[in-house]
Amino acid sequence: NPFAQAAWAEKEGISLPLLSDYDHRASEAYGITYDQFLPEKNLIMGGVPKRSAFLIDKAGVVQFAQVNDSPGDLPDFEAIQAKLAGLAS
């Protein structure tokens, strides 16, 4: 939820804007939801967002996008840091 995310960002010293998509509108708009989430574990829920990372610049242009199909896969944090460094220069 947005309150937990804000507390986490403050604790970690993150000053960039973060999106809390608790109602899944952004996930659906970006087309990054599962049709069926973990059907092998009988968790056949649609609309669950895939673990994803996006960097959007000040002009609103997506500069980095990664969508992981496996819920256990983390975003490529090194690639994100490299892209952020490039955008900052």
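Quick look at the numbers
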| read-out | value |
| --- | --- |
| Failed item, numbered, when S27 is tested on (1) assigned to a strand (DSSP E or B); (2) touching an Asp or Glu at 6+ places or on another chain (Cβ under 7 Å); (3) among the small types (G, A, S) | (1) |
| Looking only at segment 7-37, and only at residues there that are of a type in the set (D, E) and modelled with pLDDT under 90, the one that is nearest to L84 (Cα to Cα) | D21 |
| One residue from A82, A4 being surrounded by 12 or more Cβ atoms within 10 Å (Cβ to Cβ), outside any loop (DSSP other than H, G, I, E, B) and at pLDDT 85 or above | A82 |
| Positions within segment 52-79 being at pLDDT 90 or above, among the charged types (D, E, K, R) and assigned to a loop (DSSP other than H, G, I, E, B), in sequence order | D73, D76 |
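The values are calculated or read from the model by the stated rules, or taken from the named source; none is laboratory data. All values derive from a computational prediction rather than experimental measurement. Because the Cβ atoms are built from the backbone with ideal geometry, glycine has one as well, and the counts that use them run over all protein chains shown.
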